[in-house]
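Inspection log for the structure reproduced underneath, given as structure tokens.
The values are calculated or read from the model by the stated rules, or taken from the named source; none is laboratory data. If you're wondering where the values come from, they're calculated on a predicted model, not measured in any experiment. Neighbour counts are summed over all protein chains in view; Cβ atoms, including those assigned to glycine, are modelled from backbone coordinates with ideal geometry.
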Amino acid sequence: MTEHPASIDQVLECLNHYRIRATYTAVAGVIGCYRRQVGPQYLRKASPLTSWVVTKATHQPGDPEYREQPLLVHPDLERSDYVIETAEELRALITAFKIRPDTEWQ
């Protein structure tokens, strides 16, 4: 069975719902791009919603704008120490999110 890439909006909605971080590498694997493309091409601009995508080294958002403007970081970002580091795990979380009865995704 072929995996269909998720959209960045679906990934961010899922991460925000579960209040969990995922690395750029995990997100790249799910949306079907290279890790270095995630920030500049998909996340658009720094915001609390996009702050769920973090670097593997620091588990913090990679855009320097987050350090310059801390209010752009989601207030629950460090609620959990856990960070999703693989595309497989992120896909599983998105699948669980999609099958929730109140989710309207196709």
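The table for this structure:
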| item | result |
| --- | --- |
| Subset of segment 38-78 (residues that are under 12 Å from T23 (Cβ atoms) and among the aliphatic types (A, V, I, L, M)) | V38, V53, V54, A57 |
| Hits in segment 25-37 (condition: surrounded by fewer than 23 Cβ atoms within 10 Å (Cβ to Cβ) and closer than 25 Å to P70 by Cβ) | T25, R35, R36 |
| First in segment 84-106 and in a helix (DSSP H, G or I), second anywhere and small (G, A, S) and modelled with pLDDT under 95, Cβ under 8 Å, 6 or more apart | R91/A6; I94/A6 |
| Residues of segment 22-32 satisfying the condition of being free of Cβ contacts under 8 Å to residues at least 60 places away in the same chain and touching a helix residue (DSSP H, G or I) at 6+ places or on another chain (Cβ under 7 Å) | Y24, A28, I31 |
| Set R44, R79, R19: member being out of contact with any strand residue (DSSP E or B) (no Cβ under 7 Å at 6 or more places or on another chain), on the phi > 0 side of the Ramachandran plot and in contact (Cβ under 8 Å) with a residue 40 or more places away in the chain | R19 |
| Sole residue being modelled with pLDDT of 95 or more, buried (at least 20 other Cβ atoms within 10 Å of the Cβ) and either assigned to a helix (DSSP H, G or I) or not small (G, A, S) (or both), chosen from P48, P75, P61 | P61 |
| Breaking point among (1) more than 11 Å from the chain's Cα centre (by Cα); (2) at pLDDT 95 or above, for A96 | (2) |
